[in-house]
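To start, the structure under review is shown below, and the notes come after it.
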Amino acid sequence: MTKRIIGLTGGIATGKSTVADYLANAYNLPIFDADIYARDAVAVGSPILRAIAQRYDTDVLLPDGNLNRPKLGEIIFARPDERNWVESLIHPYVGDRFQEAIAQSSAPILVLVIPLLFEVKMTHLITEIWVVSCSPSQQLQRLMQRNHLTQEQAQARINSQMPLTEKADLADVVLDNSSTLEILLQQVDVALAQGSSSHNPI
């Protein structure tokens with residue numbers, strides 16, 4: 001039987017983690033998260049972290065040797081060329097980890113949480129695309145509150161991603177997270193029950 005591999009994506013702070021947690025807790029589906037793999041990629045002592053430290057000096061390291069994420073964020077969200085350089089190191093590592101997880105799992109349904117699914121061209125890994133969406137104003141407010149950012153900082157992070165409307169156009173399922181949690185989770189139930197569509201990701 002062919003695996004059903006759901007690519008769960010959306011914009012930053014639109015509710016991907018909420019959907020992933022629900023799929024894990026309510027349906028016991030295995031969740032594989034790009035953000036966790038990305039953190040592993042820059043673990044203390046890793047070759048990728050050493051390369052980042054060499055490029056930006058030790059300013060991007062905390063006293064314990066871990067990556068200073070806010071400091072690196074200041075650099076890469078202000079300079080797209082630097083963001084591209086950092087991502088060119090991390091994304092191949094993340095892609096390899098996803099492929100290992102898919103190969104090793106015997107579950108019939110897998111969920112891959114990939115915030116930059118389209119941007120890093122990982123649609124070949126999945127069989128259907130779910131996009132979690134909300135209004136631009138909600139996204140901005142949620143991101144500012146969650147990450148304690150100014151409006152300018154939050155908008156820069158949103159702008160670094162592909163527009164939500166474009167992601168929704170490429171989706172098999174669009175989960176509208178502009179209302180209540182209950183309504184969002186009802187949409188998840190329906191999407192999971194309906195199964196894959198005939199859409200073939202590019």
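The values are calculated or read from the model by the stated rules, or taken from the named source; none is laboratory data. Everything numeric in this text was worked out from a predicted model, so none of it was measured. So basically every Cβ, Gly included, is an ideal-geometry build from the backbone, and we count neighbours across all protein chains shown.
Table: residues versus (1) assigned to a helix (DSSP H, G or I); (2) under 19 Å from Asn147 (Cα atoms); (3) modelled with pLDDT under 90; (4) under 16 Å from the mean Cα position of the chain (by Cα).
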| site | (1), (2), (3), (4) |
| --- | --- |
| Ile36 | yes, yes, no, yes |
| Ile48 | yes, no, no, no |
| Ala51 | yes, no, no, no |
| Arg55 | yes, no, no, no |
| Thr58 | yes, no, yes, no |
| Pro63 | no, no, no, no |
| Ala78 | no, yes, yes, no |
| Asp81 | yes, no, no, no |
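The set of residues from the range 153-185 being loosely packed, with under 14 Cβ neighbours inside 10 Å and either outside the structural domain of Gly7 (by TED's automatic domain parsing) or closer than 23 Å to Glu74 by Cβ (or both) comprises just one member, Asn159. Would you call Gln99 closer than 15 Å to Ala34 by Cβ and in contact (Cβ under 8 Å) with a residue 12 or more places away in the chain? Against the criterion (closer than 15 Å to Ala34 by Cβ and in contact (Cβ under 8 Å) with a residue 12 or more places away in the chain), Gln99 qualifies. Only one of the numbered conditions (1) among the aromatic types (Phe, Trp, Tyr); (2) within 20 Å of Leu23 (Cβ to Cβ); (3) not in a helix (DSSP H, G or I) is not met by Phe118, and that is (2). Pairing residues of the range 67-86 that are over 15 Å from Asn159 (Cα atoms) with residues that are loosely packed, with under 15 Cβ neighbours inside 10 Å, at Cβ distances under 7 Å and at least 6 apart in sequence or on separate chains, gives Asn68/Leu62; Lys71/Asp59. On the basis of being touching a Lys or Arg at 6+ places or on another chain (Cβ under 8 Å), part of a helix (DSSP H, G or I) and either under 30 Å from Ala191 (Cα atoms) or among the polar types (S, T, N, Q) (or both), does Ile12 make the cut? The answer is no for Ile12. Here the condition is being closer than 26 Å to Val173 by Cα and within 17 Å of the chain's Cα centre (by Cα); of Gln99, Gln141, it holds for Gln99 alone.
Determine which member of the set Ser160, Ser196 is closer than 22 Å to Arg83 by Cα and modelled with pLDDT under 95.
Numbers: Ser196 fails: closer than 22 Å to Arg83 by Cα.
Of Ser160, Ser196, the one residue that is closer than 22 Å to Arg83 by Cα and modelled with pLDDT under 95 is Ser160.
Kindly check whether there is at least one residue in the range 143-152 that is buried (at least 19 other Cβ atoms within 10 Å of the Cβ), on the phi < 0 side of the Ramachandran plot and not hydrophobic (A, V, I, L, M, F, W, C). No, every residue in the range 143-152 fails to be buried (at least 19 other Cβ atoms within 10 Å of the Cβ), on the phi < 0 side of the Ramachandran plot and not hydrophobic (A, V, I, L, M, F, W, C). Among the residues of the range 78-105, those identified as closer than 25 Å to Ser17 by Cβ and of a type outside the set (A, V, I, L, M, F, W, C) are Arg83, Glu87, His91, Pro92, Tyr93, Gly95, Asp96, Arg97, Gln99, Glu100, Gln104, Ser105. Scanning the range 17-31 for residues that are within 17 Å of the chain's Cα centre (by Cα) and in a helix (DSSP H, G or I) yields a total of 8.
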